[in-house]
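Let me begin by presenting the structure, written as structure tokens, before commenting on it.
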Amino acid sequence: MRFALAITGASGSAFGVAVLKRMSANPAVDHIALLLSPTGKRCLLDETGLTPKDLAALPKVSLRDERDLGADLSSGSHRHDGMAIVPCSAGALGRIASGVSEALVSRAADVCLKERRPLVLCLRETPLNRIHLENMLRVHDAGAVVMPIMPGFYSAPKSLDDLFDTFATRVLDQLGLSEDDSRRWKG
């Protein structure tokens, strides 16, 4: 399976890193195209101390240039199995909801919507204004999964990494990559 993962310029890049690490370790995944918006790169460094090169060193990961609108992900004829944007900024959400494909993140998301491929948008914004709410409804109606970064605490997390990983499990579920995870709710 082949996926795209984008990290955009909203706080919460550690959630994106957790998703990327889980995807990279998943035996069903053959390739991950990694996209970082300019502000996503800044948040990644500020919040995790990691650089795009650090993430590109993970197995199965290839880093893509956000400005390359001629990349394979820009075309519906390029086959892949879905995309997640973790975190998804309100700006990225707005561009996707409006069909504005000025860079590779928004174009790749637009391709997922038009080709009916899974698209998971993990919005990280608070408080939400009416425009944010309307944009979430627009992308939902277009076929995306809107999954705000709201970690669960039912797993009694012992660390922030536990929170990141529990959320990553839920994102992978939405992409059809269900894994066994001892933190799942057992009732």
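Coordinate-derived values only; no laboratory data. Because the structure is predicted, anything quoted here is derived from the model rather than measured. Please note: Cβ atoms are built from the backbone with ideal geometry, for glycine as well, and neighbour counts cover all protein chains shown.
Using a/c under 1.5 as the rounded threshold, could you call the range 18-69 rounded, prolate or oblate? The axes a ≥ b ≥ c are square roots of the C-alpha gyration tensor eigenvalues, and prolate needs a/b larger than b/c, oblate otherwise.
It comes out oblate by the Cα gyration axes.
Using a 10 angstrom cutoff on alpha carbons, build the Gaussian network for the chain and name the most mobile of 108, 25, 33.
Judging by the Gaussian network model, the answer is 25.
Which entries in the list 60/186; 60/158; 21/186 go over 27 Å, if you measure between the two C-alpha atoms of each?
Beyond 27 Å: 60/186; 60/158.
With no solvent and one point per C-alpha, what does the Debye sum give as log10 I(q)/I(0) for the range 64-175 at q = 0.09, 0.16, 0.20 Å⁻¹?
Values returned for q = 0.09, 0.16, 0.20 Å⁻¹ are -0.25, -0.74, -1.05.
Give the residue from 131, 118, 103 lying farthest towards the positive end of the charge dipole for the range 98-164; charges sit on Cβ (+1 for Lys and Arg, -1 for Asp and Glu) and the dipole is referred to the Cα centre.
118
Write down the radius of gyration of the range 52-103 and its Dmax, each obtained from C-alpha positions, in Å.
Cα-based Rg and Dmax for the range 52-103 come out at 12.6, 34 Å.
So what is the diffusion coefficient of the range 19-125 in µm² per second by Stokes-Einstein at 10 °C and 1.306 mPa s, using a Kirkwood Rh over Cα pairs?
For these conditions, the coefficient is 112 µm²/s.
Of all alpha-carbon pairs in the chain, indicate the percentage at a distance above 30 angstrom.
I get 11 percent for the Cα pairs in the chain exceeding 30 Å.
Please report the net charge: other residues with Cβ closer than 14 Å to the Cβ of residue 84, K and R +1, D and E -1.
Here the charged neighbours net out to +4.
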